[in-house]
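The values are calculated or read from the model by the stated rules, or taken from the named source; none is laboratory data. Everything quoted here is computed from the prediction, not taken from an experiment. Cβ coordinates were reconstructed from backbone atoms using ideal geometry, including for glycine residues, and neighbour counts include every protein chain displayed. Ligands, DNA and RNA are stripped out before the accessible areas are found, and what is left, the full protein with its side chains, is counted by its heavy atoms. Shrake-Rupley method; radii C 1.70, N 1.55, O 1.52, S 1.80 Å.
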Amino acid sequence: RNIPVTFLVRESSFWNGVLPKGESEMINRHIKNHHIDLRLSTNLKEIISDEKGKVKSIIIEETGEEITCDFVGLTAGVSPNIDFLKNSDIETNRGVLVNRYLETNIKDVFAIGDCAEQREAIGNRRPIEAVWYTGRMMGETLAQTICGNKLEYKPGHWFNSAKFFDIEYQTYGWVFTKPKEGNQHFHWKHNDDTKCITIEFNSDTNQFLGINTFGIRMRHDVFDKWLTEKRTIDYVLEHLADANFEPEFYKTFEKDIQSAYKNQLQTA
Ligand SMILES: Cc1cc2nc3c(=O)[nH]c(=O)nc-3n(C[C@H](O)[C@H](O)[C@H](O)COP(=O)(O)OP(=O)(O)OC[C@H]3O[C@@H](n4cnc5c(N)ncnc54)[C@H](O)[C@@H]3O)c2cc1C
């Protein structure tokens, strides 16, 4: 429809606080290929309105540049909306503080979903988990407790998914922006620049710790099982076809990925 869009991103690369460099840079290019004017390391300073109170432009912090526009979408993060509890006896921090049973400090008062903050984070998870499926799991857990079967909140292995224009993203287990101490990354990217995977694994034992997959759909239940079984990266790559979740007749990339893994190990 030929509507110019400018996308301001504070970070030096898209979502680079979560995604490893190769993936984040691929998404930068994909956004630009969709004719979005992506401005990295750029902050919004001001939104300017016309005499009727309607937006007419924005000002960029770093350069003072004014960009005319008639619509601004702001997605600068979420925080629990709990001000109404500040004068109550319920303990809060950024969110409503809960234990593993999702209980607050007050009997029969519970908190679940985006507003709940675990007093101690579970594994590598954040104390506040603002994703829909953890909200659902907390709801299922608490329903058991309320119905007389007191249950601890145990979300299992981390997973998540999203979509960046045409590129689907899934993550299972933990892949950090840079490998954690004692770990390594194996990264494969297709020449078409819309598909890649990154696997984090332990350098000593080769234990598979997590995968990010872009542009290739994979099966949650299979990775969940491999994480529980503490499989090695070698096992995972050997059986990667079992995790493929693409429709029939889609191209598959397991062989490319397996040979890239062998080459990277030989040249490492
Ligand atoms: C733009 C965006 C994209 C997202 N994408 C994803 C995604 O791809 N994958 C994913 O897993 N998650 C995603 N999320 C997160 C997901 O939407 C939330 O984790 C989920 O909606 C949380 O559910 P909830 O019931 O805890 O809170 P909410 O859905 O926020 O519901 C809270 C409700 O409480 C109401 N409320 C607040 N204060 C009061 C009050 N004082 N009295 C009465 N009612 C009140 C609110 O109006 C609201 O209806 C996204 C969120 C946003 C904003």
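Scan the range 69-96 residue by residue and report those that are open to solvent by less than 40 Å² (accessible area, probe 1.4 Å), under 30 Å from Phe14 (Cβ atoms) and within 23 Å of the chain's Cα centre (by Cα). Answer for the range 69-96, where residues must be open to solvent by less than 40 Å² (accessible area, probe 1.4 Å), under 30 Å from Phe14 (Cβ atoms) and within 23 Å of the chain's Cα centre (by Cα): Pro80, Gly95.
If you go through the range 168-189 and keep only what is over 21 Å from Val222 (Cβ atoms) and either outside any loop (DSSP other than H, G, I, E, B) or touching a helix residue (DSSP H, G or I) at 6+ places or on another chain (Cβ under 7 Å) (or both), you end up with Asn183, Gln184, Lys189. Taking into account only those residues within the range 205-217 that are in a loop (DSSP other than H, G, I, E, B) and not aliphatic (A, V, I, L, M), which is nearest to Lys163 (Cα to Cα)? Ranking the candidates gives Gly215 first. Condition check for Phe186 on (1) more than 21 Å from Gly123 (Cβ to Cβ); (2) of a type in the set (Phe, Trp, Tyr); (3) within 14 Å of the ligand (Cβ to nearest atom); (4) more than 14 Å from the chain's Cα centre (by Cα): one failure, at (3).
May I ask you to list the residues in the range 218-235 that are open to solvent by less than 70 Å² (accessible area, probe 1.4 Å), under 21 Å from Glu168 (Cα atoms) and not in a helix (DSSP H, G or I)? Passing the criteria: only Met218.
Output the residue which, of all residues in the range 236-268 that are hydroxyl-bearing (Ser, Thr, Tyr) and within 25 Å of the chain's Cα centre (by Cα), is least open to solvent (accessible area, probe 1.4 Å).
My answer is Tyr261.
Condition check: of a type in the set (Asp, Glu) and free of Cβ contacts under 8 Å to residues at least 24 places away in the same chain. Does Glu129 satisfy that? Give the derivation first.
Working: of a type in the set (Asp, Glu): yes; free of Cβ contacts under 8 Å to residues at least 24 places away in the same chain: no.
No, not satisfied.
Would you call Gly182 in the same structural domain as Cys196 (by TED's automatic domain parsing) and of a type outside the set (Asp, Glu)? Answer is yes for this residue. For beta carbons closer than 6 Å, sequence separation of 6+ or different chains, a first residue in the range 147-164 that is of a type in the set (Gly, Ala, Ser) and a second that is within 14 Å of the ligand (Cβ to nearest atom) and open to solvent by less than 70 Å² (accessible area, probe 1.4 Å), the qualifying pairs are Ser161/Gln170; Ala162/Tyr169. Scanning the range 243-263 for residues that are assigned to a helix (DSSP H, G or I) and either touching a helix residue (DSSP H, G or I) at 6+ places or on another chain (Cβ under 6 Å) or within 17 Å of Lys195 (Cβ to Cβ) (or both) yields Ala243, Glu254, Lys255, Asp256, Ile257, Gln258, Ser259, Ala260, Tyr261. Please indicate, with yes or no, whether at least one residue in the range 133-154 is under 17 Å from the mean Cα position of the chain (by Cα) and aromatic (Phe, Trp, Tyr). Yes; the residues of the range 133-154 include at least one that is under 17 Å from the mean Cα position of the chain (by Cα) and aromatic (Phe, Trp, Tyr).
Step by step: first the residues of the range 97-143, then only those that are of a type in the set (Gly, Ala, Ser) and open to solvent by less than 60 Å² (accessible area, probe 1.4 Å), then the one that is nearest to the ligand (Cβ to nearest atom). Which residue is that? Full working, then the answer.
In the first step, residues of the range 97-143 are kept if they are of a type in the set (Gly, Ala, Ser); the result is 111, 113, 116, 121, 123, 130, 135, 139, 143.
Among the residues that remain, those that are also open to solvent by less than 60 Å² (accessible area, probe 1.4 Å) are: 111, 113, 116, 121, 130, 135, 139, 143.
On the way: Ala111: 9, Gly113: 2, Ala116: 8, Ala121: 17, Ala130: 5, Gly135: 4, Gly139: 8, Ala143: 14 Å.
Among them, the one singled out is Gly113.
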